[in-house]
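Enquirer: Here it is, the structure in full.
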Amino acid sequence: MTQSAHDLVITGSTGRLGGRVAHRLSTAGLGLRLLVRDPERAPALPQTDVIVAAYSDPDALDRALDGARTVFMVSAAETPDRVDQHRAFIDAAAAAGVQHVIYTSFFGAAADCTFTLGRDHWATEEHLRASGMGWTFLRDNLYLDFLPLIIGEDDVIRGPAADGRIAGVAIDDLADVATNVVRSAEKHAGMTYDLTGPEALSLADVAAILSRSTGRSIRYHDETVEEAYASRAPYGAPQWQLDAWVSTYTAAAAGELARVTTTVRELTGHEATSLEALLSA
Ligand SMILES: NC(=O)c1ccc[n+]([C@@H]2O[C@H](COP(=O)([O-])OP(=O)(O)OC[C@H]3O[C@@H](n4cnc5c(N)ncnc54)[C@H](OP(=O)(O)O)[C@@H]3O)[C@@H](O)[C@H]2O)c1
């Protein structure tokens, strides 16, 4: 039984990216079907139906996706079975007759990319390519918004990135892109968009910019891979999580996050936000 008259489905709206996209689409006057895990935290928007369905719950998804046409699919939280959850969601969407899925992937997603979670995004993309539905992949570089969070308590940024560069991108820019793509999904069918900020920064550059914006003396320490695992060991995280954290830096060292694209400008009509501009906003 269809639970919503709205055929545009947005997932992840209780989060940073999906929440921004839902607000932008709603402001543009679109009716939305929000799939959430916790309805208490769903954004309160006009002309919006909130339906509870996690990627891991096929029964709920069958009902939640009934009658849906276009889906903005935010990648799930990092867990060892994330790809299985993504596949279950994609299978449910295809079975429900969804026409088009716009998926938030990661920059440089590939079966053998250095960033371990980029391989999960690749596996998800492959499942979507084989699904028979239309698809668009938004391959987001690292969030610029997160860079202040990698500063240690001693004002040192630690990681095995060497002098590798990162073309990080602001979440608001990603939301602008996603909003425009969702609004004219057919036009973007079969497209893979590599989304970056306006420049590629080394972590020494990042430390210098953060120092200027905070007035503190922040510096970058280039760890060896062994040092990186050792310095993160106290968190007690499982191996896959440690691998994901460390490989963010080794991906930068390998040059896999460095390419700057103009796709944000092309898809939004405005320049991508720099780290400096984001910090001073
Ligand atoms: N490019 C980057 O630097 C970067 C950084 C961080 C994350 N990411 C990826 O990009 C995604 C979006 O980023 P974000 O900043 O918006 O993350 P976020 O604020 O953590 O939001 C994630 C959203 O996805 C929902 N979600 C997570 N797992 C789910 C599942 N199994 N089934 C259904 N819904 C699920 C969450 O619901 P709840 O509120 O119920 O948890 C939340 O609404 C993340 O989920 C992550 O995969 C990318």
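Enquirer: Work out, step by step, the length gained on full extension between Arg183 and Ser56: first 0.36 nm times the residue separation, then minus their alpha carbon distance; give nm to one decimal.
Expert: 43.0 nm
Enquirer: Around Thr262, with a cut-off of 13 angstrom between Cβ atoms, what is the net charge of the other residues, counting Lys and Arg +1 and Asp and Glu -1?
Expert: -3
Enquirer: Using Cα pairs closer than 8 Å and at least 6 residues apart in sequence, work out the relative contact order for the stretch 39-120, in percent. Write out the running numbers ahead of the final one.
Expert: On the way: 86 pairs, mean separation 23.2, N = 82.
After rounding, I find 28 percent.
Enquirer: Across the chain, how large is the tail of the calculated P(r) beyond 30 Å, expressed as a percent of all Cα pairs?
Expert: Percent of Cα pairs beyond 30 Å in the chain: 32.
Enquirer: Cut-off 10 angstrom, C-alpha nodes, Gaussian network model of the chain. Which of Ala130, Ala42, Ala244 fluctuates the most?
Expert: Comparing Ala130, Ala42, Ala244 in the GNM, the peak value goes to Ala130.
Enquirer: For the stretch 101-122 and the stretch 223-252, what is the separation of their C-alpha centers, rounded to whole Å?
Expert: 18
Enquirer: Between Arg265 and Asp38, what is 0.36 nm times their sequence separation minus the Cα-Cα distance? Round to one decimal in nm.
Expert: My answer for the length gained is 78.3 nm.
Enquirer: In addition: How far apart, in nm, are two points set 7 Å out from the Cα along the Cα-to-Cβ line at Arg69 and at Arg216?
Expert: Label-label distance for Arg69 and Arg216, simple model: 5.0 nm.
Enquirer: For Tyr229 and Thr192, what is the calculated FRET efficiency with R₀ set at 35 Å and r taken between the beta-carbons, to the nearest 0.05?
Expert: Step by step, r from the Cβ atoms, then E = 0.60.
Enquirer: Under a no-solvent Debye model with one identical scatterer per Cα of the stretch 1-71, what's log10 I(q)/I(0) at q = 0.25 Å⁻¹?
Expert: -1.15
Enquirer: A further question follows. With contacts defined as alpha carbon pairs under 8 Å and 6 or more residues apart, what's the relative contact order of the chain in percent?
Expert: Computed over the chain, the figure is 18 percent.
Enquirer: For the stretch 41-92, what does the equivalent ellipsoid look like in terms of its semi-axes, each the square root of 5 times an eigenvalue of the Cα gyration tensor, given largest first in whole Å? Before the final figure, lay out the partial values.
Expert: Numbers: eigenvalues 83, 39, 19 Å².
Result for the stretch 41-92: semi-axes of 20, 14, 10 Å.
Enquirer: Leu138: net charge of surrounding residues, Cβ under 12 Å, Lys/Arg +1, Asp/Glu -1, itself excluded? Intermediate values should be presented prior to the final figure.
Expert: On the way: positive: Arg139; negative: Glu125, Asp140, Asp173, Asp176, Asp194.
For residues surrounding Leu138, the net value is -4.
Enquirer: If you average the alpha carbon positions of the stretch 124-184 and of the stretch 189-210, how far apart do those two centres end up, in angstrom?
Expert: 9
Enquirer: If you don't mind, there's one more thing I want to ask. Rank Ile171, Ile150, Ile102 by mean-square fluctuation in a GNM of the chain with C-alpha springs under 10 angstrom and give only the top-ranked residue.
Expert: In the Gaussian network model the winner is Ile150.
Enquirer: Once fully extended, how much extra length lies between Asp81 and Thr27, figured as 0.36 nm per residue of separation less the alpha-carbon to alpha-carbon distance?
Expert: So the extension gain works out to 16.0 nm.
Enquirer: Another question about this same structure. Have a look at Val74, Val181, Val52 and tell me which one the Gaussian network model of the chain (Cα, springs below 10 Å) gives the largest fluctuation.
Expert: Maximum fluctuation in the GNM of the chain, among the listed residues, is at Val52.
Enquirer: Please express the Cα-Cα pair-distance distribution P(r) of the stretch 115-246 as a list of whole percents, one per 10 Å bin, running from 0 to the bin with the greatest distance.
Expert: Values per bin, smallest distances first: 11, 32, 32, 18, 7, 0.
Enquirer: I need to check one value: relative contact order of the stretch 1-145, counting alpha carbon pairs closer than 8 Å and at least 6 residues apart, in percent.
Expert: 20
Enquirer: If a/c stays under 1.5 just call it rounded; otherwise compare a/b with b/c (prolate if a/b is bigger, oblate if not). Do that for the stretch 97-144, with a ≥ b ≥ c from the square roots of the Cα gyration tensor eigenvalues.
Expert: Here the stretch 97-144 falls in the oblate category.
Enquirer: How much net charge surrounds Ala110 when only the other residues with a Cβ under 13 Å from the Cβ of Ala110 are counted, with Lys and Arg +1 and Asp and Glu -1?
Expert: Summing Lys and Arg as +1 and Asp and Glu as -1 gives -4.
Enquirer: Can you give me the % of accessible surface on the chain that is carbon or sulfur? Probe 1.4 Å, all protein chains present, nothing else counted.
Expert: 49
The values are calculated or read from the model by the stated rules, or taken from the named source; none is laboratory data. Predicted model, so just to flag it, every value in this text is computed and none were measured. Here Cβ is always computed from backbone atoms with ideal geometry, including for glycine, and neighbour counts include all displayed protein chains. The protein model used for the area step is the full one, side chains on, heavy atoms only, and it has no ligands, DNA or RNA in it. Shrake-Rupley method; radii C 1.70, N 1.55, O 1.52, S 1.80 Å.
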